[in-house]
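Report on one structure; see the data block that follows.
The values are calculated or read from the model by the stated rules, or taken from the named source; none is laboratory data. From a predicted model like this one, the values you see are computed outputs, not experimental measurements. Every residue, glycine as well, gets a Cβ built from its backbone with ideal geometry; the counts of neighbours run over all protein chains shown.
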Amino acid sequence: MSRHKNVYKSFERLREALAKLKAKDAILDGEIVCLDENGCSQFKELLYRRGRAVFFAFDLVWLDGEDLRPVPLVERKRKLKKLIERSECSEILYAQHIEERGKLLFQETVERN
């Protein structure tokens with residue numbers, strides 16, 4: 001379900017993978033993307049539903065009845081990583097984070113478009 005409460009019907013494989021998360025209930029924040037053979041996001045593939053959709057999860061805001069928003073982001077990401085690893089879903093990817101050199105990361109991102 002999107003943030004606007006739209007139920008996605010065209011990402012069946014991704015929906016099935018998310019349903020296999022080892023959780024009673026969870027809210028993950030992230031992005032649906034289609035990746036090319038080099039691991040680069042291809043928006044047109046996503047837009048026209050041509051590529052294999054994966055979900056890059058970068059935050060866990062709710063887990064099994066617990067609101068995790070007051071918990072520090074680093075702790076939420078640790079829980080998120082553990083949840084994804086336990087679930088063994090290849091369509092759900094953990095978005096790693098950078099704790100230092102953010103400006104360098106931003107420059108590299110801009111250079112790679």
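Please verify whether the range 38-51 includes one or more residues that are surrounded by 14 or more Cβ atoms within 10 Å (Cβ to Cβ) and touching a helix residue (DSSP H, G or I) at 6+ places or on another chain (Cβ under 9 Å).
Yes, the conditions are met somewhere in the range 38-51.
Looking at the range 35-55, can you tell me whether even one residue there is free of Cβ contacts under 8 Å to residues at least 24 places away in the same chain, touching a Ser or Thr at 6+ places or on another chain (Cβ under 8 Å) and hydrophobic (A, V, I, L, M, F, W, C)?
yes
Give Phe55, Phe43 a once-over and let me know the one that is touching an Asp or Glu at 6+ places or on another chain (Cβ under 9 Å) and of a type outside the set (A, V, I, L, M).
Matching residue, one of Phe55, Phe43: Phe55.
Based on this model, can you work out whether Leu80 counts as without any contact (Cβ under 8 Å) to a residue 40 or more places away in the chain and buried (at least 16 other Cβ atoms within 10 Å of the Cβ)?
For Leu80, the condition - without any contact (Cβ under 8 Å) to a residue 40 or more places away in the chain and buried (at least 16 other Cβ atoms within 10 Å of the Cβ) - is not met.
Mind listing just one residue for me: the one in the range 1-37 that is surrounded by 10 or more Cβ atoms within 10 Å (Cβ to Cβ) and among the acidic types (Asp, Glu) and, of those, modelled with the highest pLDDT?
It comes out as Asp29.
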